[in-house]
Amino acid sequence: MPFGPAAMRPLFKTAVGVLLFGGIWAAGWYFLAYRTLHPGPRTFHLPTGTTMRAFAEALKHRHVIDSTDSFVALAELEGDGQALKTGVYRFPDPATPLTILRMVVTGQVVEYPVTLVPGWTFHQVRQALAQAPHLKDDVKGLSHAAVRRALGMHASLEGAFFPDTYYYTYDASATSVLARAHRRLRALVRADWRKRAPRLPLATPEQALVLASLIEKETAKSGERRKISGVFVNRLRLGMKLETDPTVIYSLGKRYHGVLTSADLRFPSPYNTYLHYGLPPTPIGLCSARALYAALHPDKTRALYFVATGRGGHVFSETLQEQDQEIRKYEIDNTRQASVPEPRGSRRIGQDHPDRPHRRLLPTP
């Protein structure tokens, strides 16, 4: 059968019609999915139960889109008409309708950071969680026992969380952050305890945490942690008191105002290592992974004493005579504020963190 011009016309019209329809469809799809939008820096809160149409109306109300129906149509065409995830969103600017749709369908919500700092007490941890934006403070007003029950813990809350920055979504709970931090610490302790140095004077992983918290509070210098650990381990082996200032500061609590006196060293507390032998009952703050490693891998040293130089480091001594000389050099000569000598045994002066001022020699009130 011959194909003349007359016979080709219907085919040509059909082809043109298909191309025209395809072009119109492509233009329409581009308008629905890829036109440029400017949502700005604001966040969008989608509560539980928000429908796709309600979300589209919110976008239109904020002048992000012009048509509610077109956005809902895009969602239907994508098969996501009812798949919206609740939460708080911040969209890129510029964005496209398809970008925004895919974000709310896949739940790419805003995450907020909260940081737990090495050396912090549990009181400071609670304060940080209470001040974190959009975090539900479900531990507010609870006793330590109640918080432990909520977390399924039996040990002390002090030093029981790994210091790091944790990210959470809108209306997450403080206990969820604490639970994550506690799990991370327990995993780290289990792993490090299996690899500990031999013949340490530490009976349990919990004692390792206590020692690590003392190291954390004594120095912020990475090169000193294992040295300080070596001194503490030596004193524990010899049955000497640890006599470390951070335990006195922890014992004093709100009574501490930046300096320690001779009377403070006699403050009655089970945490005061100037009065009691061995380790304190619990950690005195959060410990970093490096402090825990130092506690379980102390330097092999004969040093039994150390004193802060006042310049961010410490000097280590093997004998009491050497230590007395260093104390005179770095405390009396540098501070020029000594009124009376401190009692023998006041040997560890190492507040290197910004929130722990250098201890000065003050007379007993």
Inset, instruction - Filter segment 41-91 down to residues that are loosely packed, with under 13 Cβ neighbours inside 10 Å and either of a type in the set (Ser, Thr, Tyr) or closer than 25 Å to residue 111 by Cα (or both), then give me how many there are. - result: 9
Inset, instruction - Please state which one of 209, 185, 214 is outside the structural domain of residue 315 (by TED's automatic domain parsing) and part of a helix (DSSP H, G or I). - result: 185
Inset, instruction - Answer yes if at least one residue in segment 116-131 is within 30 Å of residue 46 (Cβ to Cβ), not polar (S, T, N, Q) and not in a helix (DSSP H, G or I), and no otherwise. - result: yes
Inset, instruction - Answer yes or no as to whether residue 242 is farther than 16 Å from residue 286 by Cα, assigned to a loop (DSSP other than H, G, I, E, B) and assigned by TED's automatic domain parsing to the domain that holds residue 317. - result: yes
Legend entry - When residues of segment 49-90 are limited to those that are in contact with a Pro (Cβ under 8 Å, 6 or more places away or on another chain) and outside any helix (DSSP H, G or I), the one nearest to residue 170 (Cα to Cα): 86
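Residue under question is residue 132, and the condition is that it be in contact with a His (Cβ under 7 Å, 6 or more places away or on another chain) and outside the structural domain of residue 246 (by TED's automatic domain parsing); does it hold?
Working: in contact with a His (Cβ under 7 Å, 6 or more places away or on another chain): no; outside the structural domain of residue 246 (by TED's automatic domain parsing): yes.
Answer is no for this residue.
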Inset, instruction - Just name the residue that is farthest from residue 217 (Cα to Cα) out of those in segment 122-138 that are in contact with an Asp or Glu (Cβ under 9 Å, 6 or more places away or on another chain) and buried (at least 19 other Cβ atoms within 10 Å of the Cβ). - result: 135
Inset, instruction - Would you tally the residues in segment 193-206 being of a type outside the set (Val, Ile, Thr), outside any helix (DSSP H, G or I) and free of Cβ contacts under 8 Å to residues at least 24 places away in the same chain? - result: 3
Legend entry - Residues that are in contact (Cβ under 8 Å) with a residue 40 or more places away in the chain and not small (Gly, Ala, Ser), drawn from segment 294-314: 296, 297, 298, 299, 300, 301, 302, 304, 305, 306, 307, 314
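Rundown of residues vs (1) in contact with a strand residue (DSSP E or B) (Cβ under 8 Å, 6 or more places away or on another chain); (2) surrounded by 16 or more Cβ atoms within 10 Å (Cβ to Cβ); (3) within 15 Å of residue 306 (Cβ to Cβ), yes/no style:
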| position | (1), (2), (3) |
| --- | --- |
| 230 | no, yes, yes |
| 241 | no, yes, yes |
| 250 | no, yes, no |
| 263 | no, no, no |
| 286 | no, yes, no |
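The values are calculated or read from the model by the stated rules, or taken from the named source; none is laboratory data. Keep in mind it's a predicted model, so treat the numbers as computed, not measured. Note that each Cβ is placed from the backbone with ideal geometry, even for glycine, and that neighbours are counted across all protein chains shown.
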